[in-house]
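Quick notes on the structure that follows.
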Amino acid sequence: MNTTHQINPSEASASVSFGPGQGDLTRLDIRTPWSRAEVYLHGAHVTHFQKHDEPPLLFLSEASRFEARQPIRGGVPVIFPWFGPRQELPTHGFARLSEWVLDTVALASDGACQLAFRLPRLQEWATGRPYAVEYLVTVGRELRLDLKVVNESPRDPFEFEGCLHTYFTVGDIAALRVTGLEGTRYLDSLAAGAEKQESAASIAIGAEVDRLYVGTEAEVQILDPSLKRRIRVAKAGSRSTVVWNPWIAKSKRMPDFGDEEYQRMLCVESGNVGPDRIELAPGASHTLSVTLSSEPL
Ligand code: TA6
């Protein structure tokens, strides 16, 4: 059964409805005058964002799982408090596996719809470190995401990694170009983390790629001639950008990803990972902000 809340009924500008989504996980459907979006409480996971006159901006695998304790494959997984594998712990942390709480739904001054989520303190993941995690999802002409971490300890510093692991829809992986990373150092996960320097002004993807670009706050763009679209990934409070495509062999090894889907997606992720991890002083907070937008190419 869906429950629909009209925000500002007089102007009928935005609406949010609650209901069972895939796997019966609770999903929020957001409609604004410019766009539509879907967010699951599971992982506070944005799985869909689409402007009314464009193909979806976010890629969601048709083979994705929608189960408690399993990550959703696609959209924007929230990676926290660690990035990558950890011994006997889930890869990419527990935030994307957890059920978040929706605190508020509001209308921004420009008519965009704002949803504020909170990561509950789960005994299961108790680290003995008091911190709070808030996530603001703003749906409008663009999609804006703000991940705020507060170190609530009066005494101890808190160190963490965070990343918005965004999957973008592209028309043809072989035809696109990625710009904004020229001259940037990166750690190549396919070469045991070897440190390299990006020499290309515009990066072409023609094989598996898994790179952690470090020390960069630059806007990245995806130039997609087959969809005639330019995607902008603008960010603040982030010094790492990850570029990932599993290509053929890895796609076949991933149970929750279609064998051919690598041709229609690219991850450009914004965060603070590895050498860019964050150390918060007692009482301090940090916000990672990403604005995802698109325009005709
Ligand atoms: O962000 C890139 C990456 O770390 C890759 O190494 C790849 O494994 C990807 O994340 C997906 O990770 P997942 O745990 O969602 O399968």
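Condition test on A234, is it more than 16 Å from the ligand (Cβ to nearest atom) and touching a strand residue (DSSP E or B) at 6+ places or on another chain (Cβ under 6 Å)? Yes, satisfied.
Selection within segment 121-139: residues that are assigned to a loop (DSSP other than H, G, I, E, B) and aliphatic (A, V, I, L, M). The member of this set that is modelled with the highest pLDDT is L122. Highlighted here are the strands (runs of 3 or more DSSP E) found entirely within segment 154-268 that include at least 3 residues which are touching a residue at least 12 places away in the same chain (Cβ under 8 Å) and touching a helix residue (DSSP H, G or I) at 6+ places or on another chain (Cβ under 9 Å): 209-214, 240-245.
Each residue in segment 83-106 was checked for being in a loop (DSSP other than H, G, I, E, B) and within 11 Å of the ligand (Cβ to nearest atom), and 6 pass.
Take segment 269-285 and flag every residue that is among the acidic types (D, E) and either open to solvent by 10 Å² or more (accessible area, probe 1.4 Å) or without any contact (Cβ under 8 Å) to a residue 24 or more places away in the chain (or both). If you could, list the steps in order and put the result at the bottom.
Filtering segment 269-285 down to residues among the acidic types (D, E) leaves 269, 276, 279.
D276, E279 - these are the residues of segment 269-285 that are among the acidic types (D, E) and either open to solvent by 10 Å² or more (accessible area, probe 1.4 Å) or without any contact (Cβ under 8 Å) to a residue 24 or more places away in the chain (or both).
Collect the residues in segment 241-256 that are more than 8 Å from the ligand (Cβ to nearest atom), open to solvent by 10 Å² or more (accessible area, probe 1.4 Å) and hydrophobic (A, V, I, L, M, F, W, C), keeping them in residue-number order. Residues satisfying the conditions are W247, I248, A249. Could you tell me which residue of segment 210-219 is surrounded by the fewest Cβ atoms within 10 Å (Cβ to Cβ), considering only residues that are within 12 Å of the ligand (Cβ to nearest atom) and not aliphatic (A, V, I, L, M)? Checking each candidate, the answer is D210.
The condition of being more than 12 Å from the ligand (Cβ to nearest atom), open to solvent by less than 20 Å² (accessible area, probe 1.4 Å) and over 27 Å from A63 (Cα atoms) does not hold for I222.
The values are calculated or read from the model by the stated rules, or taken from the named source; none is laboratory data. Here the structure is a predicted model, which is why all the values come from computation and not from measurement. Don't worry about glycine lacking a Cβ; one is built from the backbone with ideal geometry, like all the others, and counts go over all protein chains shown. The protein model used for the area step is the full one, side chains on, heavy atoms only, and it has no ligands, DNA or RNA in it. Shrake-Rupley method; radii C 1.70, N 1.55, O 1.52, S 1.80 Å.
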